[in-house]
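Here is the structure we will look at.
Bear in mind that the values in this text are calculations on the coordinates, not laboratory data. Owing to the predicted nature of the structure, the values given are computational and were not obtained by experimental measurement. Every residue, glycine among them, receives a Cβ derived from its backbone with ideal geometry; neighbour counts consider all protein chains shown.
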Amino acid sequence: MAVALKKVPENRDLVTQNWHQKAREIQKFGEVTESLPHRLDADTRREMCKKLNQLLADSITLRDMYKKHHWQVAGPTFYSLHLLFDKHFEEQVEIVDTIAERIQLLGGVSIAMGGDVAELTKIQSPPRGREELPVQIARLLAAHKLIMEDCHKIAEDADEAGDDGTNDMVVSDVLRPNELQSWFIGQHLVDMPLTHAE
Ligand SMILES: [Fe+2]
């Protein structure tokens with residue numbers, strides 16, 4: 001039985017042309033749209049988006065540092081920390097998504113690509129190579145501290161601006177999980193005897 005050949009669409013050239021489309025941006029970074037039924041004025045939302053983009057860039061950096069440490073950790077606590085770092089990475093994925101979507105719904109543009117994030121973040125970049133565990137943890141704690149301080153500041157500013165949604169988000173969805181993660185990793189820097197009590 002003859003197999004029917006698939007018919008090539010007549011507009012094939014048009015289809016392949018569609019793969020290489022470029023045009024101007026529809027919204028510049030730093031701008032806010034006016035199209036949302038939001039009770040906050042544009043200036044307030046622009047200012048809030050700027051602060052949230054800083055928080056986003058720092059959270060993306062912390063998220064990626066957790067994956068780096070998940071891969072590169074070594075030593076007697078390798079197994080538990082390998083798993084813990086990945087758990088925190090997954091939680092930071094959620095946090096990052098929540099912040100980014102808050103920026104978008106406020107009418108702003110979320111920072112997204114690694115190069116742009118690297119330029120904006122206030123967290124010191126770790127070296128490409130591997131570091132000892134206490135250094136890995138110290139870097140994570142410093143990043144958490146910076147993010148938590150920003151959360152307090154943004155929550156205060158959001159409260160003053162009447163942005164209840166942002167206030168609630170930074171406290172419930174960003175600050176609290178960061179506090180918990182800091183506690184979990186910070187305990188690994190407490191010098192405790194492993195086999196003989198002092
Ligand atoms: Fe993994």
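For the stretch 16-90, what number of Lys pairs, 8 or more residues apart or on separate chains, have alpha-carbon atoms under 20 Å from each other?
Lysine pairs meeting both conditions in the stretch 16-90 amount to 4.
Sorted from fewest to most neighbouring beta carbons within 10 Å, what does the list HIS144, HIS82 look like?
If I rank by nearby Cβ atoms, fewest first, I get HIS82, HIS144.
Which three extents, in angstrom, do the Cα atoms of the stretch 40-189 have along their principal axes, listed largest first?
Here the Cα extents, ordered largest to smallest, are 54, 29, 20 Å.
Where nothing but the Cβ of Lys and Arg (+1) and of Asp and Glu (-1) is charged, how large is the charge dipole of the chain around its Cα centre, in debye to the nearest 20?
Charge dipole, the chain, about its Cα centre: 1080 debye, nearest 20.
Restricting things to Cα coordinates, could you compute the convex hull volume per residue of the stretch 149-198 in Å³?
Output value, Cα hull per residue: 74 Å³.
What's the exposure ranking of MET169, MET148, MET113, going from fewest to most Cβ atoms within 10 Å?
Least to most surrounded, the residues fall as MET113, MET148, MET169.
With the chain treated as a Gaussian network of Cα nodes joined by springs under 10 Å, which of SER125, SER80, SER59 yields the largest mean-square fluctuation?
Ranking SER125, SER80, SER59 by mean-square fluctuation puts SER80 first.
List every residue whose amide H lies under 5 Å from the amide H of GLY107, counting only residues 5 or more places away in sequence or on a different chain, with H placed 1.01 Å from N in the peptide plane.
none
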